[in-house]
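Report on the structure given below.
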Amino acid sequence: MSNFKAEIFQNQFLPQGSREVNAIMTISVEDGEGITATPSNNRVFGVICDTSGSMGGNKIHAVKYAMSKVVSLLPEDAYFFIVTGSSRANVVYPVSQATSLHKQQALAAIKNITANGGTLISTWLAQALAEFQKMPQAVRQALLLTDGQNDDSDSQKLDTVLQACEGVFQCDCRGVGTDWRVPQLQHIASKLLGTTDIIPDASMIEADFQAILAKAMSKDVSDVSLRLWTPQSAKVLFCKQVSPDIVDLTHRAKTIKPQVVDYPTGAWGKQESRDYHFCIEVNPGNVGDEMLAGRASLLYTINGVETKITDSRILATWTDDDVKSTKLDRTVAHYTGQAELAQSIQEGLEARARGDVEVATSLLGKAVKLAHESGNEGTTKLLKTVVDIQDAPEGTVRLKREVADVDAMALETRSTKTTRIPKS
Amino acid sequence: MSEMHCFKCGFVVTESDRFCEECGTAIAKEAGCECGAGVKEIDGDGYCLNCGFRRELKQRDHFEVSLHLSLAGVSDRGLKHHRNEDYLALATVNDSQILVVCDGISSSTQPDVASQVAAISACEALTAAMQRGENPEFATKTAFTVAGKYVCNIPSTVSINNEPPSTTIVTAIVQDRTATIGWLGDSRAYWLADTGSRQLTTDDSWLTEVVAAGMTEEMAKLSPKCHSITRWLGADANDDAAPGMVNFTIPGSGYLLLCSDGLWNYAAEAEKLAKISPSGAEALIVCRQLVEFARNSGGHDNISVAVLSFAT
């Protein structure tokens, strides 16, 4: 049983005439009395693997080994399938329950995988979609691995297929080596509510696959939506997930009825915790007026039946008391800083890539400062692979002359990871 | 109220109708919020589901006083005003009945405080006076002075744009079938009966004064000043604010009605008001019906009514 808890952090007091309301909503799942998982509790895990020519050699060996490990680790009540692809997709093993017989058969099939051909990712996803559609009620999670770039000819098809896949299954994307493009995989993962990461070396594939499998198997409730009601004349400036990593959900809003939109958040598992940052523009009231600027709830739908999990209010009260209205809520300030941090890294890396040393130094320096202030050690460590830090609190840095591709790509992919607010 | 009627022609209308299908008159929707949203669209915490502002249904939005079967009053915020700036107070002392209705002047500051302070202090002063057995006319004049002082003492920031707290007031002391009525402003007293219904007070308004001076009512009503009040309780009122006074002998069965302009703006003639009132009913029922009539007619202003009923 999953127990969802939601909490809002904000300073509800606004100065006269102010229109912008900011709030952070923290949602955590704990074990205990609470929402039941999807009735059937079925989980489907799909492995989607690149078998194009470039995967040949130790990469394909490593992948096959990792896949075998995943299959053997699957719990018996889970379902799985394996799809490989190059210019065409191939169903290595169709959707089946992870019984020992099926596992044996799958392992045998994996042994026959070879690498050759081009890279048309749309075909792989289309095939995976077909497999997932066989089990519409289950919690559907996939893992996609590639080592290179999608063929340009496939771009349009990929977008079409992604549209069809949206809302059907979630997919975590991994790029092994450094010949793939971060934005490409991020595009897929963002549409399919998944994460993107680099696997620097083929030998690390196995560990990564296991982690992804474990996460997938921990998912209890599927297709959870974050529903936001706002007053009539209000405008949602943005809605972003800010923890564990930054995902801009603003344009994923689906209008349910006037004033109500749903943001997809995918499946939730035990012990999960995510934070969301809402920024809503409202018509200001008079001093003393109180307003419900937004109502955020989490809900899931099974068989057309909606179940609300939590419900939180985002308030606004206009005041002429400066002391009240100028206080910044710590949590809002923290995440605003984290978002700025991620943006500085993105823009800094872009500047570096086009040779603009001055801008890159300034932006990455700002990133170092923000990471230091917020205690985001993970990001600081990544930044150190790209810059030499001279003064962290001041943000004084110097670009390293030689930066390994793998380090730059790691920073690029993981720049969206945030920390929670440090305990003061 | 399960069945709603068009106030103009009596045709049965439903809650979702915006216009009467029979005569085309607009039907007032129950607007709970300033933005136009209905009362049903305000959630349990008082937030409007349309505009988001907090509009708790405050006690003062609608309150009723019922001293006995023949003496009652109802005050209602109406449909358009964001708060109720009317107030009323009732009292019974031995065999004297006391009624007070006050209408805070919207253009002044804290009109809601002004009307409440005036109504309560006037009612208390009248009660004390009747307990001492004073002459009703004298008691009324004293009560107005007392109430005037209280209203003037309301703390407020005075500026060019802000008029100090001000309110109208109409009072009635009824003893031995004689009603002694005092007033300042345009809140009124009426006698309603099967025959012989009449308005007992004359408004202290610009309109009344220019018509008395010779202007036709049609001409006068064209002026934007026509609703201006010339006398009231408040710091900037004339010092010689002696109330208008009239004595009236109760002829038979009927209702003595005191009301704010939120009611009479929709039915100024005594006969019309008499027609709307149920006959031979409890005072509270009469009050509620009159308030509902005003709301159904549009409820543009706060509505307050106080009724003393006479069976014979």
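The values are calculated or read from the model by the stated rules, or taken from the named source; none is laboratory data. Just so it is clear, the model here is predicted, and its values are computed rather than measured. Virtual Cβ from ideal backbone geometry, glycine too; neighbours counted across all protein chains shown.
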Exercise. Do any strands (runs of 3 or more DSSP E) entirely within the stretch A:166-232 hold 3 or more residues that are over 30 Å from residue A:284 (Cα atoms), and if so, which?
Worked result: A:170-176, A:196-199, A:219-221
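Looking only at the stretch A:206-263, count every residue that is aromatic (Phe, Trp, Tyr) and either in contact with a Ser or Thr (Cβ under 6 Å, 6 or more places away or on another chain) or closer than 17 Å to residue A:275 by Cβ (or both) and tell me the total. Give the derivation first.
Restricting attention to the stretch A:206-263, the residues satisfying the condition of being aromatic (Phe, Trp, Tyr) are A:209, A:229, A:238, A:263.
Going one step further and asking which of them are either in contact with a Ser or Thr (Cβ under 6 Å, 6 or more places away or on another chain) or closer than 17 Å to residue A:275 by Cβ (or both), we end up with A:238, A:263.
The number of residues fulfilling the criteria is 2.
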For this session: Can you tell me which residue within the stretch A:281-292, out of those that are at the interface with chain B (Cβ under 9 Å from one of its Cβ atoms) and of a type in the set (D, E, K, R), is surrounded by the most Cβ atoms within 10 Å (Cβ to Cβ)?
Result: A:290
Seminar exercise, completed: The residue that is modelled with the highest pLDDT, considering only those in the stretch B:30-60 that are more than 14 Å from chain A (Cβ to nearest Cβ) and in contact with a strand residue (DSSP E or B) (Cβ under 6 Å, 6 or more places away or on another chain), is B:32
For this session: Restricting attention to strands (runs of 3 or more DSSP E) lying wholly within the stretch B:61-149, give those where 1 or more residues are in contact with an Asp or Glu (Cβ under 8 Å, 6 or more places away or on another chain), in contact (Cβ under 8 Å) with a residue 60 or more places away in the chain and among the charged types (D, E, K, R).
Result: B:71-76, B:86-93, B:96-103
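This table checks each residue for (1) under 23 Å from the mean Cα position of the chain (by Cα); (2) in a helix (DSSP H, G or I); (3) among the acidic types (Asp, Glu).
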| residue | (1), (2), (3) |
| --- | --- |
| B:218 | no, yes, yes |
| B:226 | yes, yes, no |
| B:231 | yes, no, no |
| B:236 | yes, no, yes |
| B:245 | yes, no, no |
| B:251 | no, no, no |
For this session: Count, please, the residues in the stretch B:91-112 that happen to be surrounded by fewer than 24 Cβ atoms within 10 Å (Cβ to Cβ) and within 21 Å of residue B:174 (Cα to Cα).
Result: 7
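Matching residues to (1) acidic (Asp, Glu); (2) more than 29 Å from residue A:23 (Cα to Cα); (3) out of contact with any Lys or Arg (no Cβ under 7 Å at 6 or more places or on another chain):
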| position | (1), (2), (3) |
| --- | --- |
| A:184 | no, yes, yes |
| A:189 | no, no, yes |
| A:200 | no, yes, yes |
| A:206 | yes, yes, no |
| A:212 | no, yes, yes |
| A:218 | no, no, no |
| A:221 | no, no, yes |
| A:232 | no, no, yes |
Exercise. What single numbered condition from (1) touching a residue at least 60 places away in the same chain (Cβ under 8 Å); (2) away from chain B (no Cβ under 14 Å); (3) more than 29 Å from residue A:218 (Cβ to Cβ) fails to hold for residue A:264?
Worked result: (3)
For this session: Specify which of the listed residues (B:207, B:258) is part of a strand (DSSP E or B) and surrounded by 20 or more Cβ atoms within 10 Å (Cβ to Cβ).
Result: B:258
For this session: Give me a count of the residues in the stretch B:151-195 that are surrounded by 24 or more Cβ atoms within 10 Å (Cβ to Cβ) and in a loop (DSSP other than H, G, I, E, B).
Result: 5
Seminar exercise, completed: When the stretch A:295-336 is checked residue by residue, the ones that are within 23 Å of residue A:273 (Cβ to Cβ), modelled with pLDDT under 85 and of a type in the set (S, T, N, Q) are A:301, A:307, A:310
For this session: Within the stretch A:317-331, identify whether any single residue is in a helix (DSSP H, G or I) and either under 25 Å from the mean Cα position of the chain (by Cα) or under 19 Å from residue A:410 (Cα atoms) (or both), and answer yes or no.
Result: yes
For this session: Answer yes or no as to whether residue A:190 is out of contact with any Ser or Thr (no Cβ under 7 Å at 6 or more places or on another chain), surrounded by fewer than 22 Cβ atoms within 10 Å (Cβ to Cβ) and within 14 Å of chain B (Cβ to nearest Cβ).
Result: no
For this session: Would you please name the residue that is surrounded by the fewest Cβ atoms within 10 Å (Cβ to Cβ), looking only at residues in the stretch A:228-254 that are within 14 Å of another protein chain (Cβ to nearest Cβ) and of a type in the set (Ser, Thr, Tyr)?
Result: A:233
For this session: Tell me the helices (runs of 4 or more DSSP H) entirely within the stretch A:32-140 that contain at least 2 residues that are under 21 Å from residue A:163 (Cβ atoms) and out of contact with any Leu (no Cβ under 9 Å at 6 or more places or on another chain).
Result: A:121-132
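Just a yes or no: is a residue in the stretch A:293-315 touching a helix residue (DSSP H, G or I) at 6+ places or on another chain (Cβ under 7 Å) and either in contact (Cβ under 8 Å) with a residue 24 or more places away in the chain or buried (at least 17 other Cβ atoms within 10 Å of the Cβ) (or both)?
Just the residues of the stretch A:293-315 that are touching a helix residue (DSSP H, G or I) at 6+ places or on another chain (Cβ under 7 Å), to begin with: none.
No, the stretch A:293-315 has no match at all.
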For this session: Could you tell me which of the residues A:394, A:402, A:350 is surrounded by fewer than 17 Cβ atoms within 10 Å (Cβ to Cβ) and either part of a helix (DSSP H, G or I) or not acidic (Asp, Glu) (or both)?
Result: A:350
For this session: Please tell me if residue A:63 is under 30 Å from residue A:302 (Cα atoms) and surrounded by 22 or more Cβ atoms within 10 Å (Cβ to Cβ).
Result: no
Problem set entry | Odd one out for residue A:291, checked against (1) more than 25 Å from the chain's Cα centre (by Cα); (2) farther than 26 Å from residue A:19 by Cα | (2)
